[in-house]
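Okay, structure first, notes after.
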Amino acid sequence: MLALRRALRNGTVWIDHSLAFRSRERLFIPAERWAKERNAYYRRLSLPKRAESYLEPLIERAQAGVAAVAKAVEAGELRVDDELHLTPLAAEDEEPELVKLRAALDHRIGEAQLPDLLLQVDAQVRFSWIMLGREPRSDKELLMVYAGILAHGTSMSAAETARMIPHFWPTTSSNRHSGVSYCACSIAAKRPTP
């Protein structure tokens, strides 16, 4: 039995009507059809008919890349052991125009906290309405939308998001994360209804 299982997995034995354990030949275009239509496939994929003419530029780029890595190792910019280690790049000087623009924006906008920014943008755009497909029914529901955006945008888990928002961190373990699980998994994935 084990030999049959191994043979099915490595493709030496196959089952005609199976998709998972079909013959390797069935994975390819049949030989007679390939002989008739291969030029059309090459044209459609913008590939040359000879593999060498396709591979030559790739091999040249790979060789140039290997030479660049070797040069970087010799110069001490790169260290190779079990991993690649790059020397940090030196910071570029800031352009005076960007410094002036940043100062002007800081002066005009001032400090902004993320919750205030979310509320102001939502008041203008109403993205919470779009995500819910309707007007939010309560403050808690609106908070769940904001928590979902935060969790989705920062790749935080539902538990991590719940710890940041006191309303979603219940003291009993029986209903822990119920709101945020819904929020992070459901609301963030909803699409607006047309």
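The values are calculated or read from the model by the stated rules, or taken from the named source; none is laboratory data. Predicted, not measured: the structure shown is a model, and the values here were computed from it. Positions of Cβ are generated from backbone atoms using ideal geometry, with glycine treated the same way; all protein chains shown enter the neighbour counts.
Rundown of residues vs (1) modelled with pLDDT of 90 or more; (2) of a type outside the set (Ser, Thr, Tyr); (3) closer than 30 Å to Ala75 by Cα, yes/no style:
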residue: Pro88; (1), (2), (3): no, yes, yes
residue: Leu114; (1), (2), (3): no, yes, no
residue: Leu118; (1), (2), (3): no, yes, no
residue: Ser178; (1), (2), (3): no, no, no
residue: Ser181; (1), (2), (3): no, no, no
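Every residue, every condition in (1) under 30 Å from Gly153 (Cβ atoms); (2) out of contact with any strand residue (DSSP E or B) (no Cβ under 9 Å at 6 or more places or on another chain); (3) not assigned by TED's automatic domain parsing to the domain that holds Glu141, yes or no:
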{"position": "Glu37", "(1), (2), (3)": "no, yes, yes"}
{"position": "Tyr42", "(1), (2), (3)": "no, yes, yes"}
{"position": "Leu45", "(1), (2), (3)": "no, yes, yes"}
{"position": "Pro57", "(1), (2), (3)": "no, yes, yes"}
{"position": "Leu86", "(1), (2), (3)": "yes, no, yes"}
{"position": "Asp93", "(1), (2), (3)": "no, yes, yes"}
{"position": "Leu98", "(1), (2), (3)": "yes, yes, yes"}
{"position": "Leu118", "(1), (2), (3)": "yes, yes, no"}
Revision key, fill the gap. Note: among Leu98, Leu117, Leu89, just one is hydrophobic (A, V, I, L, M, F, W, C), part of a helix (DSSP H, G or I) and either touching an Asp or Glu at 6+ places or on another chain (Cβ under 7 Å) or loosely packed, with under 10 Cβ neighbours inside 10 Å (or both), namely Leu98
Review point. Residues in the stretch 16-31 that are at pLDDT 80 or above and part of a loop (DSSP other than H, G, I, E, B): how many?
Key: 3
Check your understanding: Can you pull out the residues in the stretch 32-53 that are assigned to a helix (DSSP H, G or I), under 33 Å from the mean Cα position of the chain (by Cα) and surrounded by 11 or more Cβ atoms within 10 Å (Cβ to Cβ)?
Key -> Tyr41, Tyr42
Practice item. With the checklist (1) assigned to a loop (DSSP other than H, G, I, E, B); (2) touching a Gly at 6+ places or on another chain (Cβ under 8 Å) in hand, flag the one item Pro136 doesn't pass. Key: (2)
Practice item. Determine which member of the set Glu60, Glu111, Glu74 is on the phi < 0 side of the Ramachandran plot and assigned to a loop (DSSP other than H, G, I, E, B). Key: Glu111
